[in-house]
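Reviewing the structure listed below.
The values are calculated or read from the model by the stated rules, or taken from the named source; none is laboratory data. Predicted model only: the values in this text are computed from it and were never measured. Positions of Cβ are generated from backbone atoms using ideal geometry, with glycine treated the same way; all protein chains shown enter the neighbour counts.
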Amino acid sequence: MDFASFFNPQSVAIIGSMSPGKLGAILTEQILQGGYQGKLYAVNPKSEGALGIPGYASPSAIPGVPDLAIIVSPASMVAAVLDECGRSGIRAAVIITSGFSEVGNHDGEKEIKEVARRHGIRFIGPNCAGIANAGSDFFPTLEVRTPAGGIGLITQSGALGGVVLGRAQQRELGISKFISYGNGSDLSQVDFLNYLAGDEATRVVALYIESVTNGRAFMDALAECSRRKPVLVIKAGRTSAGTRATASHTGSMAGSDAVYSAAIRASGAIRVRTVESLLDTCEGFTRLPHLSGKKIIIVTNSGGPGVLTADHAEELGLSVAEPDNDLQTQLRSFLPGHCSLKNPIDLTVEGTEEGYRQTLTSALQVYDAAVAINVGTSYLDNLALARGVADGARSSGKPVLASFVPEQLMTESTNYLKQAGIPCYPSGEQAVSVLAEIARYEGHRSKPVGNKNIPSAVNARRLPGDGKLLEPEAMAWLKENGIPIPDFCVAVTAEEAVQACEKLGYPTVMKVVSPDILHKSDVGGVIVGIRDADAARQAFAAIQESARGKDFRGAVLYPLVRDAQEVLLGLSTDPQFGPVVAFGLGGIYTEIFRDIVLRVAPVEPEEAMEMIHEIRGIKLLQGARGKPPYDLAALAQTLAAFSRLPFIYPQISEVDLNPVFLRPDGLVVGDVRVIARQR
């Protein structure tokens, strides 16, 4: 879609009251003060103009056809106003008016969508704070005007957008485009991501969302934009309280926050938690040169802040390696003997302009980036130290971030550094947090782009038994679909149970089969370690007793699996993103540690292997305490095959494989539960 009518219009109609204090008058003043050079028209029933622009009773009375309509009429009149715009030939509108689905007026919102569709009008809103193109001095927004720069801001909340713009202005960060889309009834995050992906003025995209309507389309747009430039995402509703607030605020149901995180990560975007971390990272992306690796050097004049910075950098996955012998020899040639040449390099309070300059110049021949820390006092020449840092950064052409504190002593120094293109942060920890996010983005972007192999809906099948699978049927179904299972037998009498145990080989495991029993172990329906025929008969009697008064279908028996690590695989259906696959440690780790990783399904084996390595307990799978490593290649292949099942069997609502017994030479499923969609 062509967004020129929205962001580079030659003529604009502002439709609404022009009385003092009304939104029409406020927007007109905002646009004029911003320096817009195109034609402006006021439209309202009184033909009232404002601030020197002419007034007309309707869009059809305007000479010529405006490129864009900004609508601030009362909600009850918006559909009629939009119809007049369509009859007049206007094909783009920003509807700032509120009072639609966000307050339960779904019929009113549906009506304006139908009117727009009938006339071929594309619109932003309703219930939004407008848009802006700072590079063209066009500010039809209720929020503050910011200088032009490289940050494109897309926000579902106009008020939150205003907060970001205000803080960006304070931090001297420029905005390329501002898009507040409110209810997103027509144009949505997907359209704006696609637009900003190709916008040359935008170097980094900042996105605030509360929910999305089409999760898959959102992921595709996010991934495409992220391949071309960084995208930072704040997703509201992380907690139950936040989810309640966003549901009432947007009139839509927010999906699982963990699924949103998985979708954002898989798309190559960066999720941030706060407005300040959003702006910290935007500043890094817009002001720093390209980061080519994770190896950083920390240069400080104070030991404590340097050590804290190094600790945090390593926790975030950055490399804080000690300088090699050649670099240490070079540093000794110009630094005093009392300086520490580890990493951090501590120049001590006696650090000088030349010390920072030469240390950074030398170190950045070896390292990928640097953080320069100055804990200043009133008697230090802090501006001189800033000059040294700036010179060292300039000579290397590599990313250098600074933390000059306390801030009240550093105004002149930090202004100097910012003018030199060096971002300044209140702490070294914040600086390395930014570097870590940049490194993660560059690492993701360097990976080859792979297309997900989603099975065609043409080949979709129905679940056996119309989805009402007991454990034996579910195990057979898994085997049919390439998921490894152990040998098993079904017994409906005690003697059949004995025969099954002898066929499988002792020791064995026996489990109750009943459609009325979901959690077998809770009712004594699982017996482990059956070692002879008498034990098999006793076990069957106990299993039968556990199902007293229920629909007893017998028992399923398996060989006892030993020397295995329990893991779990799961499938669920998210309302926004559809099928989601989960992986984590099984057994007690599932309930206690919640060590689980999610992805929007399906995943290929490479992405499945990434999931496996993201759990906190990965060392258990790699062979802890002298144990041999488990078969992660087989696990990744199984996880990938498992993730495709909802596309082959669209009836699937949930599938749990818990436990899955992972061994050094393969794996088998220990238990399965399948839940089909309700018709």
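Only residues that are assigned to a loop (DSSP other than H, G, I, E, B), within 16 Å of LEU278 (Cβ to Cβ) and not polar (S, T, N, Q): list them for region 144-171, please.
Across region 144-171, the qualifying residue is only ARG171.
Return yes or no: is THR281 buried (at least 20 other Cβ atoms within 10 Å of the Cβ) and under 28 Å from THR202 (Cβ atoms)?
yes
Does any residue of region 580-594 turn out to be touching a residue at least 60 places away in the same chain (Cβ under 8 Å), surrounded by fewer than 18 Cβ atoms within 10 Å (Cβ to Cβ), not in a strand (DSSP E or B) and not aromatic (Phe, Trp, Tyr)?
yes
Please go through region 630-670 and give me each residue that is modelled with pLDDT under 95 and more than 29 Å from ALA457 (Cβ to Cβ), ordered by number.
Result: PRO659, single match.
Considering each of PRO484, PRO464, PRO515 in turn, give the residue that is surrounded by fewer than 13 Cβ atoms within 10 Å (Cβ to Cβ) and under 24 Å from LEU645 (Cα atoms).
Among PRO484, PRO464, PRO515, only PRO515 is surrounded by fewer than 13 Cβ atoms within 10 Å (Cβ to Cβ) and under 24 Å from LEU645 (Cα atoms).
Within region 501-519, work out how many residues are among the charged types (D, E, K, R) and in contact (Cβ under 8 Å) with a residue 40 or more places away in the chain.
Residues meeting the conditions: 1.
Among helices (runs of 4 or more DSSP H) lying entirely in region 238-296, which contain 1 or more residues that are out of contact with any Leu (no Cβ under 6 Å at 6 or more places or on another chain) and at pLDDT 95 or above?
Per the criteria, 257-266, 275-287.
Quick one: would you say LEU667 is farther than 24 Å from LEU557 by Cα and not acidic (Asp, Glu)?
No, not satisfied.
Cβ-Cβ below 7 Å, separation at least six or inter-chain, first residue in region 71-95 and assigned by TED's automatic domain parsing to the domain that holds ILE14 and within 13 Å of GLY125 (Cβ to Cβ), second of a type in the set (Phe, Trp, Tyr) and crowded, with 19+ Cβ neighbours inside 10 Å: which pairs?
ALA75/PHE100; ALA92/PHE6; ALA93/PHE123; VAL94/PHE123; ILE95/PHE123
A quick yes/no check of all residues on (1) under 27 Å from LYS235 (Cβ atoms); (2) crowded, with 24+ Cβ neighbours inside 10 Å; (3) modelled with pLDDT of 95 or more; (4) not small (Gly, Ala, Ser):
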{"residue": "ARG91", "(1), (2), (3), (4)": "no, no, yes, yes"}
{"residue": "GLU111", "(1), (2), (3), (4)": "no, no, yes, yes"}
{"residue": "GLY130", "(1), (2), (3), (4)": "yes, yes, yes, no"}
{"residue": "ILE151", "(1), (2), (3), (4)": "yes, yes, yes, yes"}
{"residue": "GLN156", "(1), (2), (3), (4)": "yes, yes, yes, yes"}
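Whether any residue in region 660-669 is surrounded by fewer than 20 Cβ atoms within 10 Å (Cβ to Cβ) and farther than 26 Å from LYS520 by Cβ is what I want to check.
yes
When the residues of region 648-659 are filtered to those that are hydrophobic (A, V, I, L, M, F, W, C) and crowded, with 20+ Cβ neighbours inside 10 Å, which remaining residue is farthest from GLY578 (Cα to Cα)?
Going through the qualifying residues, I end up with LEU657.
Within region 15-37, can one find any residue that is surrounded by 14 or more Cβ atoms within 10 Å (Cβ to Cβ), among the β-branched types (Val, Ile, Thr) and in contact with a His (Cβ under 9 Å, 6 or more places away or on another chain)?
Looking through region 15-37, none of the residues is surrounded by 14 or more Cβ atoms within 10 Å (Cβ to Cβ), among the β-branched types (Val, Ile, Thr) and in contact with a His (Cβ under 9 Å, 6 or more places away or on another chain).
Considering only region 24-38, I want to know if a residue exists there that is free of Cβ contacts under 8 Å to residues at least 24 places away in the same chain and closer than 18 Å to THR141 by Cβ.
Checked against the condition, which is being free of Cβ contacts under 8 Å to residues at least 24 places away in the same chain and closer than 18 Å to THR141 by Cβ, region 24-38 yields at least one hit.
Each row is one residue, and each column tells you yes or no for (1) under 30 Å from ARG265 (Cβ atoms); (2) surrounded by fewer than 21 Cβ atoms within 10 Å (Cβ to Cβ); (3) aromatic (Phe, Trp, Tyr); (4) in contact (Cβ under 8 Å) with a residue 24 or more places away in the chain.
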| site | (1), (2), (3), (4) |
| --- | --- |
| ILE373 | no, no, no, yes |
| ASP391 | no, yes, no, yes |
| SER395 | no, yes, no, yes |
| GLU407 | no, yes, no, no |
| SER413 | no, no, no, yes |
| PRO423 | yes, no, no, yes |
| ASN453 | yes, yes, no, yes |
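So is ALA539 under 19 Å from GLU496 (Cβ atoms) and in contact (Cβ under 8 Å) with a residue 40 or more places away in the chain or not?
yes
Say whether the condition of being surrounded by fewer than 19 Cβ atoms within 10 Å (Cβ to Cβ) and part of a helix (DSSP H, G or I) is met by at least one residue in region 50-72.
yes
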